[in-house]
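Values quoted throughout were computed directly from the atomic coordinates according to the rules given, and no laboratory measurement underlies them. On a predicted model such as this, the values are computed, not experimentally measured, just so you know. Here Cβ is always computed from backbone atoms with ideal geometry, including for glycine, and neighbour counts include all displayed protein chains.
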Amino acid sequence: MAKKYDFKASELPISPMTLTTTLENPTGGWRSFKPVIKNKTAPCTATCPTKVLIPHFIDSLVKGDLDMAANLLHRNNPFPSITGRLCHAPCELPCNRGKYDEPISIKQLERFVGDYYLDKKGKPPRRETGKRVAIVGGGLAGMAAAYYLRSKGHEVVIYDRNPNLGGYLRYYVPEYRLPLAVLDAEVGALERMGVKFVLNTEVGKDIGFEELKEKYDAVILAHGSSAPANPDFPGVELLKSGWDLMKEVREGARPKVSGKVAVLGNGYTAFEVARVLRRLGADPFVIYPTAKIRIPFSDREIFTLAEEEGVKFFFAKVPLKAERRNGKVILTVAEWDGKDIVPATEREMEFEEVFLAYEGTADHGFLPDTIRTDGTLKADRRSGETPLEGVFVAGESVSGPSPVVNVIYSGRSVAAAVDAYLRGRTYTPESMPEVVGYERIVTDYFPKAPRVPEMRLSPTERIHSLTREEVLGYTQELAMKEAERCFNCGFCNACGNCYVFCPDYTIKWVHGRPKVDYEYCKGCGVCSEECPRGVIDMVKEREF
Amino acid sequence: MSWAWVEVKPNENDLMHPGHLACQGCGATIAARLALKVLGRKAVFVIPASCWSVIDGAWPQHALQIPVFHTAFETAAIAATGIRAALDMKGKHDVHVVAWAGDGGTFDIGLQALSGAAERNENIIYITYDNEAYMNTGIQRSSSTPLGAWTTTTPDERPEDKPKKNMMEILAAHRVPYAATASIAYPDDFIRKLKKATQVKGFRFIHLFSPCPPGWKMASNLSVRSARLAVETKIFPLYEIEDGEVYTITHWPKGLPVEEYFKLQGRFKPVLKDPDRLAYIQRYVETQWEKLVRLHEASHGYLPEEARATIRSAI
Ligand SMILES: Cc1cc2nc3c(=O)[nH]c(=O)nc-3n(C[C@H](O)[C@H](O)[C@H](O)COP(=O)(O)OP(=O)(O)OC[C@H]3O[C@@H](n4cnc5c(N)ncnc54)[C@H](O)[C@@H]3O)c2cc1C
Ligand SMILES: Cc1ncc(C[n+]2csc(CCOP(=O)(O)OP(=O)(O)O)c2C)c(N)n1
Ligand code: SF4
Ligand code: SF4
Ligand code: SF4
Ligand SMILES: [Mg+2]
């Protein structure tokens, strides 16, 4: 017989009491979907040719850490003060904020952070690899490649035939678009990093290409595409060079030009030459081969500025003949349908002067035949690899005329390929995680706010100066205000929403970041739904 | 700084263990987590029969890291009153006693005890987490169930035909020192109100909107979103009443159409199929909101700029 258990009432608690916690229930087993915290790609970054880490650097800006912002920005763009002024900003087109009110002024934020950091940057690498790279051409492409290769610890020597670095940016882009002081500061940073320059030295004339190849572990060809390429029509030799004009003006000359002048060209440079002529006091007309709607997006901003300033345009027209009569230039033009001259549309026009501003072409004359086919370089689009071992190409020398940001990307990706080559690794082009669409943004968390306008001089103010910058940068206050508008698409900025709303307290806050405790997470999906920026995905746990 | 960190500190007063027994996405657990972030360890919860009797864990388990006293369905206010008295006798005046009850336990069966405690101005905090039905027993209607909603006792053929009982007015009529509505979708607002409540002596009441995904026939990930839409459609306004007289609206909603909120939830399927009823509810929401705005105006003598956009008729 069982022993009767004898107890006193006082030995027991006065009411039933709990003895343990619910931590004994691993409720993670209830889950059908699991939350995965994973940064994605913002549409702006996806569209930026050089893949600037836009939500990342803007987040640091919002948090007031300007040095970190600069650091993140420079990861994929060594020259934000240049892109912040010259880039056509394709990144702003798909900006998710644009679907809500107005896109973020990414370019201005880039300029603000770039300018803040301009005199601080330029640290030598921590370790030297002992590998040596020669770069032919110190334009933007060569400079970008030098920046990244030097920061990886390689010895970098830039050869340029000019007395200073910058290429187009130094000798042709007008001061009102890009002050020389900015370019000089970027060059100064390269110098501080320990990049070596061999100036006034033309490869193929003052030093042979073969010699470079022998002396260095790798050679990057970044010689641009600035050889003149004018169309051939009778009298073309009577016309002036728009390029020379740009160069003179950049160097400080102010040639007298007045009255009706024409600019012949097939791209961006024609618009810029016309703008310079307008500032010199002339009444310029651009004669442009395609229809107005065919102006590429990258050239549209400059076109609009030129139009505002009173530059006039003749679209879909090509020159057939030029003559000089009584001190004037008589230009015969005809309509152009994109393939042929439209019959019976010839017409004479009279100008004081006509300037040629056709886009240049690359001169590969100093290179061996093995690297060329019919005058063009054979190279991989991303890595810049050529059929010659250890020889790579970057920038306009391979792409032809291109916007600055594409040239920067070329320099950056070729630098990555060269770095891989020097270390005996295979180069893998960078991949991007999936892009976060507008539907993933929880706009409830963002009050509507208009874009902080960029401050641009009025057309009348603009045409009165060849040196005053036409766009003024943001102040810190304005930059902060604009930065706060950014959704930070796909980039966890540690906002804390997921932590605050988790009904199971299974999103823990570890070292300032959210972390899922899968032992208990029931997979409700609230975190994913309330993450304002699409960072958390719900992934199927199992098939049934 | 993100809005969330204005009132919340990471890893401070996280006093609810995981592993509790709430359904996925339960608003009532978000509610308790946030409340404890303000109250800290020096608090006692008194929980009458409700989902929370279960959520806290089956014996011998316990999810909250503070003492919880489980009590009978109708007794939250009076049990809390008793615990308050006992703690006071022991000199433990700094411990908050919180009656934590569902809408059924508050609007219906617990109303008598609540009214008594409110009238006596007992020094307790009464928080009703409102999921708009008797969820624990299988989704039966309560007097908090909103107009047009399905429950198992108001099926699709004859959905709830009476508007939700206005508890805040009942509390105002008791002239309690502090009464407020709050929503789990606006933690900053809720936390500010609860902080304010802790600084007041006497009977304090918070009507806390807490969605119930299964009871509302809604996916679990939508609980915060639905709570947010209830506020932004003016269906559940966020405001406070001091001393039963001074009304203050604490969040000016966007004034979205009520369908935006109804669309997320299967329980409103009958309304969505009935345009007349939908229009009626929209009108009802507008008039209730306008009344509230006028009370705010009467209390403060003016209306802020944001108020204008939320009102249809000229003011
Ligand atoms: C007037 C003008 C305005 C522009 N404005 C804009 C703008 O607003 N936005 C925009 O996105 N883009 C603009 N661009 C385009 C931009 O300037 C180019 O994308 C960029 O500068 C090209 O860089 P790169 O390094 O490839 O070539 P380059 O700048 O041409 O550099 C090539 C360098 O190689 C050197 N070199 C060539 N051959 C040799 C050799 N054999 N030996 C030694 N050195 C050699 C040259 O001296 C030069 O320094 C503009 C271009 C012009 C002309
Ligand atoms: C006197 C009494 N009647 C009925 C019940 C059964 N019962 C337990 S919980 C509950 C519903 C509680 O509803 P509510 O207060 O809204 O809380 P919820 O479950 O929705 O969280 C009912 C009817 C009971 N426990 N005691
Ligand atoms: S480099 Fe140009 S495209 Fe890229 S982020 Fe900057 S402005 Fe945008
Ligand atoms: S909101 Fe910010 S992160 Fe998103 S696309 Fe625009 S700039 Fe990029
Ligand atoms: S909710 Fe905020 S903290 Fe959580 S993952 Fe998204 S961005 Fe990061
Ligand atoms: Mg209930």
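A few points about this structure:
- Formal net charge of residues neighbouring A:PHE197 (Cβ-Cβ distance under 10 Å; K, R +1; D, E -1): -1
- DSSP bridge orientation in the protein assembly as shown - percent antiparallel, rounded to nearest 5: 40 percent
- Trypsin sites (Lys or Arg not before Pro) within the stretch B:1-84, DSSP loop, no more than 15 other Cβ atoms inside 10 Å: B:ARG41, B:LYS42
- Here is what passes the span test in chain A: the DSSP H helices with alpha carbon length of 15 Å or more along the helix axis and a Kyte-Doolittle mean of 1.0 or above are A:404-422.
- The order of A:ASP374, A:ASP206, A:ASP444, B:ASP130, going from fewest to most other C-beta atoms within 10 Å of their C-beta, is A:ASP374, A:ASP206, A:ASP444, B:ASP130.
- Neighbour-count order for A:VAL398, A:VAL526, fewest beta carbons within 10 angstrom listed first: A:VAL398, A:VAL526
- Computing FRET efficiency as 1/(1 + (r/R0)^6) for B:VAL54 and A:LYS4, where r is the C-beta to C-beta distance and R0 is 45 Å, gives about 0.80.
- Extending 7 Å from the Cα toward the beta-carbon at both B:GLU260 and B:GLU12 defines two label points whose distance is 3.3 nm.
- Taking 0.36 nm per residue of separation and subtracting the Cα-Cα distance, full extension of the segment from B:ASP243 to B:ALA298 would add 18.3 nm.
- Here the calculated FRET efficiency for A:VAL539 and A:GLU24, from their Cβ-Cβ distance with R0 = 30 Å, stands at 0.65, rounded to the nearest 0.05.
- The stretch A:464-509 - Rg (one decimal) and Dmax (whole number), Cα, Å: 19.8, 66
- Sparsely packed trypsin sites (Lys or Arg not before Pro) within the stretch A:337-396, loop by DSSP, other Cβ within 10 Å at most 16: A:LYS339, A:LYS378, A:ARG381, A:ARG382
- The sum of -39500 (n - 2.57) across all DSSP H runs of n ≥ 4, divided by the residue count of chain A, sets its helix-only mean residue ellipticity at 222 nm to -8500 deg cm²/dmol.
- Given R0 = 41 Å, the distance between the Cβ atoms of A:ARG127 and A:ASN230 translates into a calculated FRET efficiency of 0.25.
- For A:TRP336, residues with placed amide H under 5 Å, excluding near neighbours: A:LYS317, A:VAL318, A:VAL342
- For chain B, built as a Gaussian network whose Cα springs stay under 10 Å, the top-fluctuating residue of B:THR75, B:THR287, B:THR181: B:THR287
- The Kirkwood hydrodynamic radius of chain B, based on inverse pair distances between different Cα atoms, is 19.7 Å.
- Listing A:ARG75, A:ARG85 from fewest to most neighbouring C-beta atoms within 10 Å gives A:ARG75, A:ARG85.
- Helix-only [θ]222 nm of chain B, DSSP H runs n ≥ 4, -39500 (n - 2.57) each, per residue, nearest 500: -10500 deg cm²/dmol
- Restricting the stretch B:209-311 to GluC sites (Glu not before Pro) in coil, as DSSP defines it, with at most 13 other Cβ within 10 Å: B:GLU245
- Cα coordinate range in the stretch A:148-283, projected on the principal axes (Å, largest first): 54, 35, 22
- Remark on the stretch A:236-357: Rg and Dmax equal 13.9, 44 Å (Cα only).
- 19 Å cut-off, amide nitrogen to a point 7 angstrom out along B:THR287 Cα→Cβ, residues in the stretch B:242-279: B:258-259, B:275-279
- In this label model, A:ILE341 and B:TRP5 are separated by 6.9 nm, measuring between points 7 Å along each Cα→Cβ vector.
- Compactness of the stretch B:1-160 was expressed as the Cα radius of gyration divided by 2.2 N^0.38 Å, which yields 1.10.
- Partner aspartates and glutamates whose Cα lies under 16 Å from the Cα of B:LYS291, excluding those fewer than 8 positions away in the same chain, are identified as B:GLU169, B:GLU240, B:GLU245.
- Cα point-scatterer Debye curve for the protein assembly as shown, base-10 log of I(q)/I(0) at q = 0.10 Å⁻¹: -1.04
- Label point distance in nm, A:THR376-A:ARG192, each placed 7 Å from Cα along Cα→Cβ: 4.1 nm
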